[in-house]
Each structure stands twice: as C-alpha cells, then as structure tokens.
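The values are calculated or read from the model by the stated rules, or taken from the named source; none is laboratory data. What you see is a predicted model; the values in this text were computed from it and never measured. When we count neighbours, we look across all protein chains shown, and the Cβ atoms used for this are built from the backbone with ideal geometry, even at glycine.
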Amino acid sequence: MLRTNFLVIGAQRAGTTLLHRILAEHPEVYVPRQRKELHYFDRYYERGPNWYAGYFPSEGEAHRFRAIGEVTPDYLPHPKAPARIEATLPGCQLIAILRDPVERAFSWYCYCRRSKNERRPFLRFVEEDPTAFAHGLYDEQLARYFAHIPRHQLQVRLYEDLVSDPKPELAALAAFLHLTRPFTERGAALSERVNTGTEHRFKRAFALARCVGGFLLRHDANGPVRLAKRLGVREWFGRSGEFVTLDDRSRRVLAARYADSVQRLSELLGWDLEAAWLRGTTQPRPLA
C-alpha cells in the first residue's frame with residue numbers, strides 16, 4: 001500500500017533542494033533521505049509500486065507522520081506524470097514552486113557548466129538544449145496537471161517569495177500539508193545556500209564523478225552516493241572562483257521568448273507574473 005500523500009513536482013532549479021532540506025527537518029514530515037529525487041513517475045514507473053513503496057515508512061512507522069512524500073522536480077514538465085500520479089496516488093497533494101523562467105534557465109546553464117562541463121555560451125546553450133527553454137513553459141505544464149488533478153490539490157508557490165520572505169510561505173506550506181507544528185526558525189531562516197553557481201577547478205573530473213553517481217542511483221546503489229556526500233567528495237575537486245552572470249542582453253532576449261507563456265500563466269493562476277518576472281518587480285499582484 002502506498003502511503004505517499006504529497007509530492008513536490010518542481011520546477012527544476014527553483015529551490016526544490018532547499019525545500020527538501022526544510023521538509024526533512026520537520027518532525028511530522030517524512031521525505032526519503034537516502035536520495036532526494038525518486039523519479040518514479042517520470043523515469044522508473046515500470047519498476048512498479050513495490051519499488052516505490054520501499055522508499056517510505058512501513059505501516060507500523062507511517063503513523064508517526066502527517067505528511068509522507070518526495071521531491072522530484074522533473075515531474076512538472078514530464079508529459080505522462082500527471083496521469084500516472086492521478087492513477088497511482090488519487091487525492092495526493094502536489095506542490096509546484098516556480099521561478100522566473102529566465103533565471104531558471106540560467107541556473108540550469110550554471111548547473112551544466114558545473115556538473116557536465118558545459119562550455120557553450122548561454123544563448124546558444126538555450127537554443128540547442130531542448131529542455132533548457134521548454135522546462136520554463138509553466139503554463140503548458142500546469143495545464144496538463146489541471147486536466148488530471150483538481151486545483152485544490154495543487155498548490156503553486158514562487159521561489160522568489162520563499163527566499164525573500166520565507167515565514168509566510170512556509171506557514172502556507174504547513175497548512176497545505178495539515179501539519180500541527182510550524183517549520184522551525186532554522187528552516188525558515190534559509191541561511192545555507194544550496195546548489196550555488198560557483199564552478200569546480202577540475203571540471204572534467206567532477207563531471208565524470210557526477211556521471212558515475214547518476215549511474216549508481218539509476219541502479220539503486222544509494223549507499224555509495226550518500227557516503228560520498230557525507231565525506232564531502234565534491235569539495236575534493238576544488239573551487240575555481242569562476243562565477244558566470246546573466247548579462248542584460250541575454251535576459252532581454254529570453255524574456256521576450258517567454259512573454260506569451262508568462263502571460264498565459266498569469267491568466268491561469270490569476271497572478272500578475274509579468275510584473276514579478278519580466279518587468280523586474282518583486283511581488284506578483286492579483287490580476288485586475
């Protein structure tokens with residue numbers, strides 16, 4: 001029997017690693033610690049529910065938690081995930097955390113430079129990587145979910161709000177998950193940055209190590225990966241001090257490409273996200 005009652009479905013590069021850490025600290029929440037992203041509903045659905053259930057508490061332990069779930073940001077853009085979730089976890093609560101799509105694409109680019117030894121210029125990377133741009137088309141992705149999942153089961157939050165004013169965001173999350181205790185001050189402080197954009201000195205070696213780690217996770221060899229993280233293996237590759245930044249021209253070009261999608265998303269959610277993202281103000285306002 002699957003006891004999963006919530007999923008954080010994305011978006012990629014929108015604070016899901018940070019959110020996983022915050023959830024893991026809460027005594028009423030269970031998220032798998034042996035691996036953050038299970039990828040059941042996008043990559044491993046054929047492995048079946050018993051494989052998936054193995055990452056969650058047994059029947060005797062499940063009563064300790066009010067919220068049992070996992071965080072896999074690739075669920076949001078995956079075309080088959082909504083129907084699979086509906087069929088497998090009816091009534092499951094979903095959380096989507098969205099980020100300015102231009103910033104999200106640039107964060108993905110930084111990740112690929114750091115972890116995959118990506119060397120192309122940013123705009124060329126976006127043109128040639130099919131997911132770099134498409135994963136920011138949130139209007140299409142959420143519309144697919146709303147075709148399968150009642151709206152009251154899917155809460156949409158903004159990354160910008162989480163990092164700028166975390167307490168009300170985490171309070172809303174606690175209410176959505178029916179938690180009786182608030183998130184701790186340590187979690188609300190968001191004092192530790194994760195997935196930063198600085199690059200490693202030995203880029204090719206680090207990219208190879210990431211590839212090996214991915215191979216191990218695909219074959220459920222979680223132990224060596226957890227051990228490597230505890231030992232701080234990624235720091236063995238050093239820091240180069242390089243830090244790429246998003247230039248104004250690239251931002252304008254990509255913002256123009258996302259404009260129609262952001263407008264449709266604003267209409268879908270009833271928020272003025274064009275102001276929050278494309279025009280650079282900080283808070284979305286309800287549409288008139």
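Here are some notes:
- Segments classed as helices (runs of 4 or more DSSP H), wholly inside region 1-104, with at least 2 members that are of a type in the set (D, E, K, R) and either over 30 Å from Leu123 (Cα atoms) or within 16 Å of the chain's Cα centre (by Cα) (or both): 16-25, 59-62, 81-88
- Contacts under 8 angstrom Cβ, first residue in region 264-275 being surrounded by 17 or more Cβ atoms within 10 Å (Cβ to Cβ) and in a strand (DSSP E or B), partner of a type outside the set (D, E, K, R) and modelled with pLDDT under 95, 6 or more apart: Trp271/Pro284; Trp271/Pro286; Trp271/Leu287
- Any hit, region 60-77, residues being closer than 23 Å to His152 by Cβ, β-branched (Val, Ile, Thr) and touching a Cys at 6+ places or on another chain (Cβ under 7 Å): no
- Taking the criterion of being out of contact with any Lys or Arg (no Cβ under 6 Å at 6 or more places or on another chain) and surrounded by fewer than 20 Cβ atoms within 10 Å (Cβ to Cβ), the residues of region 58-77 that qualify are Ser58, Glu59, Gly60, Glu61, His63, Arg64, Phe65, Arg66, Asp74.
- Residue list for region 33-65, restricted to those being charged (D, E, K, R) and within 12 Å of Thr4 (Cα to Cα): Glu59
- Residue in region 41-57 that is surrounded by 21 or more Cβ atoms within 10 Å (Cβ to Cβ), under 30 Å from Ser266 (Cβ atoms) and either modelled with pLDDT under 95 or out of contact with any Pro (no Cβ under 9 Å at 6 or more places or on another chain) (or both) present: no
- Residue pairs meeting the criteria (Cβ under 8 Å; at least 6 apart or on separate chains; first modelled with pLDDT under 95, in region 89-106; second part of a helix (DSSP H, G or I) and not small (Gly, Ala, Ser)): none
- Members of region 152-183 that are of a type outside the set (S, T, N, Q), in contact with a strand residue (DSSP E or B) (Cβ under 8 Å, 6 or more places away or on another chain) and not in a helix (DSSP H, G or I): Leu154, Val156, Arg157, Leu158, Leu177, His178, Leu179
- Tally of residues being in contact (Cβ under 8 Å) with a residue 40 or more places away in the chain and under 19 Å from Thr17 (Cβ atoms) across region 110-127: 6
- Some residue of region 99-109 being of a type in the set (Phe, Trp, Tyr) and surrounded by fewer than 20 Cβ atoms within 10 Å (Cβ to Cβ): no
- Residue match in region 18-32 (condition: β-branched (Val, Ile, Thr), surrounded by fewer than 22 Cβ atoms within 10 Å (Cβ to Cβ), within 27 Å of Arg181 (Cβ to Cβ) and touching a strand residue (DSSP E or B) at 6+ places or on another chain (Cβ under 8 Å)): yes
- Any chance Ile149 is part of a loop (DSSP other than H, G, I, E, B), under 27 Å from Tyr52 (Cα atoms) and either at pLDDT below 95 or hydrophobic (A, V, I, L, M, F, W, C) (or both): yes
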